[in-house]
Amino acid sequence: MTALERSWFEEAQQSMHGWDFSHLAGRWQTADLPWDYAALVREHLSADDRWLDIDTGGGELMGRFNHQPALTAVTEGWQPNIELLKQTVVKKGITLYQDAAEQLTAVPNSTFDIVTNSHGAMPVKRIAEVLKPGGRFVTQQVGATNNYALSRFFDEHYEPAYPDNQLLTVMAQMQAAGFEILRAEQAYAALSFTDVGAIVYYATVIPWEFPHFDVARMLPKLHQLQSLLAINGRVTTFEDRFMIIARKLARRD
C-alpha cells in the first residue's frame, strides 16, 4: 500500500462532531449562492420571537444569532449531536426536542413565531402546526440532485436519497399546508476539492449521498480521481440548493 492510499484510509476514519467541516479547511471551495441564509434569518428573526431551529446539528449556526435562550428551541435526531447539545446549548437555557423520527412529534403546536431549517428534514404539515398564525418559516435546503455527478461516479446505480426534495414539490406542499410563499429561489454552486483525501472524508460523513462508500473497494476510482485532479488541480461537483421564505396564513373559519 502506498503512502497516498494509507492517507485515504486515514481520512475515512476521521469523525465529525455536530455539523462542522473544519477538517476540510483549505481543501475545498464552494461558490457563493445568490442569497445569504444567515442574512435571511436575521431579517425575519425579531428579538422577542419564540424561535425553533430544526435539525440544528451541534447548534453551530443557530448560536451565531445570539437569540435569547429562553425564547429559543431546537430539534435534533442524531444521538451524538443530542449529547453534544445537552452539554452546550441546553445548559444555556435553550430547549432541546429530541427528534429521531424527524417529525417534530414532541414540539408543541401553535408555539413559535418563526421556524428555521438549514438543510434539515421537511415535515411541512408539522412545521405549519407548530407555528403561530402569521408565523414565518425560513429554510435553505439541499436539493435532490446535490453532488449527483460525484455520487454517480462512485456508484453508477446511485439514485438520490430524497428525490422529492425539490423546490417545485416543496412549494406545492407548503401551499397545501396553509403557507403563503413570500420568496423562493434555486441555484447550483460549484464545489471543488483540491485533494482526493478531502473527497474521501466528505463521502464518508455524508452516507446518504455516497451509500456504501468503502475506500478499499473504491481504490481504482480514487486513483482515477487523483489522475484527473493532476490535470487542473481540482475535482468539481455541484451543490443543489433552494431557499423558501413563507408565512403561515391565519385560519379561515
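The values are calculated or read from the model by the stated rules, or taken from the named source; none is laboratory data. What you see is a predicted model, and the numbers here were worked out from it, not measured in a lab. Cβ coordinates were reconstructed from backbone atoms using ideal geometry, including for glycine residues, and neighbour counts include every protein chain displayed. Note: areas computed on protein heavy atoms with side chains; ligands, DNA, RNA excluded. Shrake-Rupley method; radii C 1.70, N 1.55, O 1.52, S 1.80 Å.
Quickly run through the stretch 73-107 and pick out the residues that are touching a helix residue (DSSP H, G or I) at 6+ places or on another chain (Cβ under 7 Å), not β-branched (Val, Ile, Thr) and not in a helix (DSSP H, G or I).
Across the stretch 73-107, the qualifying residues are Glu76, Gly93, Leu96, Gln98, Gln103, Leu104.
Name the single residue that is modelled with the highest pLDDT among those in the stretch 1-38 being open to solvent by 40 Å² or more (accessible area, probe 1.4 Å), part of a helix (DSSP H, G or I) and under 25 Å from Gly59 (Cβ atoms).
His23
Do you know which residues across the stretch 222-248 are more than 24 Å from Leu33 (Cα to Cα) and open to solvent by 70 Å² or more (accessible area, probe 1.4 Å)? Outline the logic, then answer.
Step one: list which residues in the stretch 222-248 are more than 24 Å from Leu33 (Cα to Cα), which gives 222-231, 248.
Listed by number, the residues that qualify are His223, Gln224, Leu228, Ala230, Ile231.
Considering each residue of the stretch 58-76, count those that are open to solvent by 50 Å² or more (accessible area, probe 1.4 Å) and among the charged types (D, E, K, R), and give that number.
Adding up the residues that qualify gives 2.
Conditions (1) loosely packed, with under 14 Cβ neighbours inside 10 Å; (2) under 30 Å from Leu225 (Cα atoms); (3) not acidic (Asp, Glu), marked per residue:
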site: Asp48; (1), (2), (3): yes, no, no
site: Thr56; (1), (2), (3): no, no, yes
site: Val107; (1), (2), (3): no, no, yes
site: Val142; (1), (2), (3): no, yes, yes
site: Glu156; (1), (2), (3): yes, yes, no
site: Pro163; (1), (2), (3): yes, yes, yes
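Inspect the stretch 206-217 for any residue being under 30 Å from Leu131 (Cα atoms), open to solvent by 40 Å² or more (accessible area, probe 1.4 Å), within 17 Å of the chain's Cα centre (by Cα) and modelled with pLDDT under 95 and give the result as yes or no.
Yes - at least one qualifying residue is present in the stretch 206-217.
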